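The values are calculated or read from the model by the stated rules, or taken from the named source; none is laboratory data. None of these values were measured; they are calculated from a predicted model. Heads up, the Cβs are rebuilt from the backbone with ideal geometry, glycines too, and the neighbour counts pull from every protein chain shown.
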Amino acid sequence: MASIQKDLDWMSVLLWVGLSIIGLIAVYSATQGPVSEFLPRFIQNNFWKQLLFVGFSLGLLFYIQFINPTIFKNFSYLAYTASLLLMICTLFFGQEINGAKSWLRFGGFGLQSSEFMKITTILAAANFLTSRRNIGLEQIRYALVSFLIIFVPTLLVIAQNDFGTAIIFMALIPVILFWSGLPYGVALLIISPAIILYLSVFSWIYGLIAMVAITAGVFLLQRSKWLTIVSVIMGSATVVVVQLALTKILQPHQVARVIAFTNPSYDPTGAGWNVIQAKTAIGSGGWTGKGFLEGTQTQLRFLPEQWTDFIFCVVGEEFGFLGASILILVFMLFLLRLLQLSINHKNPFAQLVTLSIAAVYFVHFFINVGSATALLPVIGIPLPFISYGGSAFIANTLMLAICLNMDLYKRELSIYS
Amino acid sequence: MNDFKNHHRTQVSLRVMQVMFATVCLIVLGRVFYLQVIEYEKYSMQGERNSIRQEIIPSARGLIYDRKGELLVSNEPIFTLTVNPATYDTTNNQLLAELLDVDISQVSDQINIAQRYSWYRSSPLLSDIDFTQFSIIQQNLWQLPGIGHQVKSKRTYSDKINASHIFGYLREADAKDFETNTSLFLGDKIGKSGLELIYEDRLRGESGIEFKRVNAYGQALGSFMVENEGTNPIEGANIITSIDADLQAFAEDLMTDKTGAIIVMNPNTGAILAMVSSPNYQVDRLAGRLDRAYWAQINSDSTRPLFNRAVSSRQPPGSTFKPLMGLIGLEEGLITPTTNIPNTGGYQRGRLYRDIAPKGDYDLEKAITYSSNTYFYKLMDDFASSGRLNIWSERVKDFGLGVDLEIDLPSATTGIIPDSAFLDRWFGINKWGLGDLINLGIGQGVMSVSPLQIATMTSAISNGGYRITPYLVEQLETPYLTIFPNKKDPSKIDWVQKEHLDLVKNGMRGVVQRGNGRFYVKNDFLAIAGKTGTAQNPHGYSHGWFTSFAPFDYPEIVVTVFLENAGFASISAAPIARLLHEYYLLGTYSNNVYNYVKNWEPRDDNSNQTAE
């Protein structure tokens, strides 16, 4: 039997503690600052609630380590089905916050069902894929089924009007497709529309260049005439659709929002406001920041949702490049460590689950920080372990706990593979 | 085999993934480095601008007092709504218009102006809103981001006097004002006429500046990290005017429903004790938010209520000019005190210049008293014939006619006293001759003066030949010092001889005792001397003049009354002057004369008659 003291991956735990502490400091600053009396009452309580969540999650993290690792695989379909039902419940009985109907309310606490849906989706998809022996001949069919395992909850999240979380689910798709044994070229082809679409928003020329580059990649990897032709057609279609959407289909205010992303000063008080305020907060931090509780952008509420979606700005403004780079580097080490755990696994299920969880963290991180630094359009999703949010914090810790559990028992697990 | 291949593929992929994650993290790190280190300057400035609002603390405009310290013009607080275009949402225009009960176009117009003026600075949206409306807005402030308020002040005026032409009105500074005065802010009111204009810089003081931290909703956050680099406002100077409020009120009362002007002046100093121009306007109606209808009305009114007749009206002086004419004639030796010129009903020189004074012999004193035209036609003829037109012109100007009096009021006219150069311009070289000059002798023809100039001339005659500078402001009081802005010592007109002056003054005393002043000015208790005059008016009844001083021996005041379309000055302007003399010198007035003045109507007259 593995010993928690000896075999637990303490490095991951340490990095998790580091991130949680950074998060608590940032949430404290965002909600308890010198002029916090201007904030609504329920937001002023956020720090204390977050402290509670962190404490609870810490207990959970260690409690999970005593569980038999086979349970995650064995109960994955059941858990998946249960959380799907919870999602549907949320659709009907959920509470709407900031336009997204993703909270189920129990007494004083709101439960964001999609956060837990993330975990069960990963487990179910991984179970499905790794339970199939001799992957190869039926790749396409398996790929399709695992695609559906992810796509159904994605649709439910979109139905809840939570576009940010839907992107997290969709990010799982290439990981799973790749794992299912699809050739590199085909996997590249499948994710190519997203890349081309993103670049086309800036300029149709960038879109076309990306299309040509991807097509060249697909051709070199697969040497297939048909795939190459499909790549050209799909890529060009994406560019054309984006152009049409921008010039003909979208309403002016929607176009403004898209243009504001590429040029935030286009409408400083409208769609571009958040981008400008976020960049200003981060940029005005300088090398060492303005000091704890002394960031004017943060304390004076120029940032919307600064305890969740724009939490990175709080760190950037008050602790400067020093603080921001510590956060980024800790997060990077955390991700690399998780991937290392994944590499160490001989059990395919554990490997795929750990890898997928790392991917989810990564996408959260990249979109959140990318939005705040104007690398990406503003998409509201939280930064794992840093942003305020009970469901998210607990679910994210639960994912880490599962990774750690499977790592702790990896020798036992490898027997079952 | 398949498993191994897959395993290998997975291992490679995971390594690739590690590299990819690390790369993306480093890209993000690079981006953060770019923002925080390379572009630091740009964003740190933007951050400051974001949260620091510059607020203007208006200075209290100086107060205006009368000569005895009675408060005439002061300030009262008014609430002004402000808008910050950066945070204001223009879709709220409709709501705002409804809450304020104004037309939506007024709201959107003003917001456009504010946006053009400054995107980040709060500008006035609607000034002088009443307290109820102010409360309604405050209650709805939560749904009106960008709307704030300022407590400003507006002018408030003593009920006792109107004096609109003295004080002048304020209006919001326009684009041109901003170009010339950089210390002005949108919505600032500045003096546009009267003392408010002339002493604008002194009255306004200097605005203070306060820097405040505000949050994204524009709520001021007290002292949170404020670098206190603001400045305190400096109060405007208070003005002590030369006006006697009681006398001014009385003079305004006498001019009610009449058209014309009154000047009451201290002949020894030039202090203006009362100045009326009628019709006037309600200066208090221009004080708060602009009353557009009223503004349009007074601007288009054919009686021109905005026009200050007392200093700007240009009229021939008529017979009021005769005493000065005599003085110059004596000085130039063209006449002596005993020179006799007979009046046979007119002066024959190329044509007949009519004279309706009683026929007979006239010396200078008698000619002034009975206003004989012949005497002065002859005298002017002598000036012109002896080539002394320009000397005559110089001497007239020494008494303040035809020159800038440098009074502290805007748009005072210099009038016209012709010399040969002027007449060359006026008629053309060699296009004028004696016929154009003889009329000048009785104050007609190519000459014009303002009531203030006549008062100044009368002062110089009464005070022993000292030219005074008329002024309205005794002193300006700032918190630190007192300034005497426009007071100049009287200067002796060097060529004037006392005996000549006494002769002329006796003639003017005679006007009241024996001449046409006897009807309404003659009395037993106050020695008034004066001269009537008629300014011929081609459009209707003549304008009447009466200029006077009293007491005769030691003059304390000069009263000049000018009435438009009044006909005979002796029965229109003169009684008004008498009442003012009595009121000021005796503190009482003759009721019968007062009732006569209040009920007086212009009478038909023969506008050719010039005997006054």
Taking B:Q110 and the conditions (1) under 17 Å from B:V283 (Cα atoms); (2) buried (at least 18 other Cβ atoms within 10 Å of the Cβ), which numbered condition does it fall short on, given that it satisfies the others? (1)
Quick check on B:G443: is it surrounded by 17 or more Cβ atoms within 10 Å (Cβ to Cβ), of a type in the set (G, A, S), at pLDDT below 95 and in contact with a strand residue (DSSP E or B) (Cβ under 9 Å, 6 or more places away or on another chain)? yes
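With the structure loaded, tell me whether A:L335 is within 30 Å of B:R15 (Cα to Cα) and either part of a helix (DSSP H, G or I) or in contact with an Asp or Glu (Cβ under 8 Å, 6 or more places away or on another chain) (or both) or whether it fails that test.
Working: within 30 Å of B:R15 (Cα to Cα): yes; either part of a helix (DSSP H, G or I) or in contact with an Asp or Glu (Cβ under 8 Å, 6 or more places away or on another chain) (or both): yes.
Against the criterion (within 30 Å of B:R15 (Cα to Cα) and either part of a helix (DSSP H, G or I) or in contact with an Asp or Glu (Cβ under 8 Å, 6 or more places away or on another chain) (or both)), A:L335 qualifies.
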Name the single residue, out of those in region B:283-309 being assigned to a loop (DSSP other than H, G, I, E, B) and in contact with a Ser or Thr (Cβ under 6 Å, 6 or more places away or on another chain), that is surrounded by the fewest Cβ atoms within 10 Å (Cβ to Cβ). B:R289
Consider only pairs whose beta carbons are under 6 Å apart and that are at least six residues apart or on different chains; among these, list those whose first residue lies in region B:247-268 and is more than 15 Å from B:E556 (Cβ to Cβ) and whose second residue is acidic (D, E). B:T259/B:E564; B:G260/B:E564
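Quick check on my filter: what residues within region B:533-592 are of a type in the set (S, T, N, Q), surrounded by fewer than 22 Cβ atoms within 10 Å (Cβ to Cβ) and assigned to a helix (DSSP H, G or I)? Walk me through how you get there before you give the answer.
Of the residues in region B:533-592, the ones of a type in the set (S, T, N, Q) are B:534, B:536-537, B:542, B:547-548, B:560, B:565, B:570, B:572, B:588, B:590-592.
After this cut, where a residue has to be surrounded by fewer than 22 Cβ atoms within 10 Å (Cβ to Cβ) as well, the list is B:536-537, B:565, B:588, B:590-592.
Within region B:533-592, B:N591, B:N592 qualify.
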Of everything in region B:9-19, what is more than 8 Å from chain A (Cβ to nearest Cβ) and either surrounded by 18 or more Cβ atoms within 10 Å (Cβ to Cβ) or modelled with pLDDT of 90 or more (or both)? Give them in sequence order. B:V19
Looking for whichever is within 25 Å of B:L29 (Cα to Cα) and in contact with a helix residue (DSSP H, G or I) (Cβ under 8 Å, 6 or more places away or on another chain) here; the options are A:N396, A:N405, A:N344. Which one fits? A:N396
For A:I149: the one exception among (1) outside the structural domain of A:I119 (by TED's automatic domain parsing); (2) within 19 Å of the chain's Cα centre (by Cα); (3) of a type in the set (V, I, T): (1)
So, of the residues in region B:515-526 that are within 13 Å of B:L579 (Cα to Cα) and surrounded by fewer than 24 Cβ atoms within 10 Å (Cβ to Cβ), which turns out to be nearest to the chain's Cα centre (by Cα)? B:L526
Of the residues A:I259, A:I214, A:I229, which single one is at pLDDT below 75 and farther than 30 Å from A:S131 by Cβ? A:I259
Output for region A:282-326, where each listed residue is facing another protein chain (nearest Cβ under 9 Å), under 20 Å from the mean Cα position of the chain (by Cα) and in contact (Cβ under 8 Å) with a residue 60 or more places away in the chain: A:F312
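Of the residues B:E235, B:E252, which single one is under 23 Å from the mean Cα position of the chain (by Cα) and modelled with pLDDT of 95 or more? Steps first, answer last, please.
On the way: B:E235 fails: modelled with pLDDT of 95 or more.
So the residue among B:E235, B:E252 that is under 23 Å from the mean Cα position of the chain (by Cα) and modelled with pLDDT of 95 or more is B:E252.
Condition (residue is more than 30 Å from A:L322 (Cα to Cα) and in contact with a helix residue (DSSP H, G or I) (Cβ under 8 Å, 6 or more places away or on another chain)) applied to region B:42-61: is it met by at least one residue?
Looking for residues that are more than 30 Å from A:L322 (Cα to Cα) and in contact with a helix residue (DSSP H, G or I) (Cβ under 8 Å, 6 or more places away or on another chain), one finds at least one in region B:42-61, hence yes.
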Looking only at region B:472-514, count every residue that is surrounded by 13 or more Cβ atoms within 10 Å (Cβ to Cβ) and assigned to a helix (DSSP H, G or I) and tell me the total. 14
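From the list A:L111, A:L123, A:L104, A:L91, which one is closer than 30 Å to A:K346 by Cβ and among the aliphatic types (A, V, I, L, M)?
Values: A:L111 fails: closer than 30 Å to A:K346 by Cβ; A:L104 fails: closer than 30 Å to A:K346 by Cβ; A:L91 fails: closer than 30 Å to A:K346 by Cβ.
Going through A:L111, A:L123, A:L104, A:L91 in turn, the sole match is A:L123.
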So which pairs qualify, if the first residue must be in region A:338-349 and at the interface with chain B (Cβ under 7 Å from one of its Cβ atoms), the second must be surrounded by 23 or more Cβ atoms within 10 Å (Cβ to Cβ) and of a type in the set (S, T, N, Q), the Cβ gap must be under 6 Å, and the two must be at least 6 apart or on different chains? A:S342/A:Q351; A:S342/A:T354
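Please report, ordered by residue number, the strands (runs of 3 or more DSSP E) entirely within region B:140-215 with at least 3 residues that are under 18 Å from B:D291 (Cα atoms) and among the charged types (D, E, K, R).
B:147-157
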